[in-house]
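Presented below is the structure to which this report refers.
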Amino acid sequence: MRVLLLGASGMVGGGVLRECLLAPDVDQVVSVGRSALPSQDPKLVQRLRPDFAVDPSTIPDEDLTAIDACFFCLGVSSSGMTEEQYTAVTYRLTLAIAERLSALSPNATFVYVSGAGADSSEQGSVMWARVRGKTENALFRLPFKRVHAIRPGIIQPLNNAVSKTGSYRLFYRLSGPLLTLGRRWFPSRVLSTEIIGQAMLQMARHGAATPVLEAPAIYAAALSEPPGVGRR
């Protein structure tokens, strides 16, 4: 499997990258990003595109061709942003990349990391939820083999996964013990970056029952791994 990964330097994306590199059926991970990643794994192909977030056309066709699965983990906090600013990053950038990918790799499975509370009606009062829902709906209309949107809620970073947002890093540092307990007591509600990565790989392999997966369905997908396809 050849995987295209966007957002590998973030907390969720870093966790997904780790699971991809551990998966024996993943032959190559093409990471498109603005800065270099520390991993030297031979499976990882880093494509440094410093301006792609402003001008996604700077991503050449070769980065988007012969892709079996795309894990789209790019995302920003809406805090302090206008709806126009948030839409530019969350909706327009995502669709600009996804539309080209669907033309160049139509047999790919596209898995989009959305968020708990995303508003599929696009009519709600919460700005970020409307924009996320609008993005999901637009992705579902693209001619990929499969499109799934995952909506994790509470996430515990594992294996040195770190958020790029300062306030989130503080939250995770202070709440680490509570998250560990929460994951033990409510494993289908408090998801780890490890579980999210494993679930996304399963969606690429076999799909899922529904286009949108909330936390319990994400957890169930991760546990559905058949014998012989586990991590190395």
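ALA103 meets the conditions (1) under 18 Å from the mean Cα position of the chain (by Cα); (2) under 25 Å from VAL26 (Cβ atoms); (3) at pLDDT 95 or above in every case but one. The failed one is (1). The set of residues in region 29-56 that are among the polar types (S, T, N, Q) and within 16 Å of PHE72 (Cα to Cα) comprises SER31, GLN46.
Name the single residue that is nearest to GLU83 (Cα to Cα) among those in region 100-143 being outside any helix (DSSP H, G or I) and of a type in the set (Phe, Trp, Tyr). Residue satisfying both the conditions and the ranking: TYR112.
Note on region 50-75: residues that are surrounded by fewer than 16 Cβ atoms within 10 Å (Cβ to Cβ) and on the phi < 0 side of the Ramachandran plot amount to 10. Checking each residue in region 1-28 for being within 17 Å of ASN159 (Cβ to Cβ), surrounded by 22 or more Cβ atoms within 10 Å (Cβ to Cβ) and in contact with an Asp or Glu (Cβ under 8 Å, 6 or more places away or on another chain) picks out GLY15, GLU19. Among the residues in region 7-22, are any farther than 19 Å from ILE218 by Cα and acidic (Asp, Glu)? No: zero hits. Mind checking whether some residue in region 92-109 is in contact with a Phe, Trp or Tyr (Cβ under 9 Å, 6 or more places away or on another chain), surrounded by fewer than 16 Cβ atoms within 10 Å (Cβ to Cβ) and within 20 Å of ARG141 (Cβ to Cβ)? Checking region 92-109: at least one residue is in contact with a Phe, Trp or Tyr (Cβ under 9 Å, 6 or more places away or on another chain), surrounded by fewer than 16 Cβ atoms within 10 Å (Cβ to Cβ) and within 20 Å of ARG141 (Cβ to Cβ).
Summed over region 190-213, the residues that are without any contact (Cβ under 8 Å) to a residue 60 or more places away in the chain, within 18 Å of ALA116 (Cβ to Cβ) and assigned to a helix (DSSP H, G or I) give a count of 2. Within this structure, SER39 passes the test of being more than 25 Å from PRO152 (Cα to Cα), in contact with a strand residue (DSSP E or B) (Cβ under 9 Å, 6 or more places away or on another chain), at pLDDT below 95 and assigned to a loop (DSSP other than H, G, I, E, B).
Report, by residue number, each residue of region 44-89 that is in a helix (DSSP H, G or I), within 18 Å of the chain's Cα centre (by Cα) and within 20 Å of SER31 (Cβ to Cβ). Within region 44-89, PRO56, ASP63, LEU64, VAL89 meet the criteria. Screening the candidates LEU74, LEU6, LEU64 for the property of being touching a residue at least 24 places away in the same chain (Cβ under 8 Å) and farther than 28 Å from MET127 by Cβ yields one hit, LEU64.
The values are calculated or read from the model by the stated rules, or taken from the named source; none is laboratory data. As the structure is a computational prediction, the values presented were derived from the model and not from experiment. Heads up, the Cβs are rebuilt from the backbone with ideal geometry, glycines too, and the neighbour counts pull from every protein chain shown.
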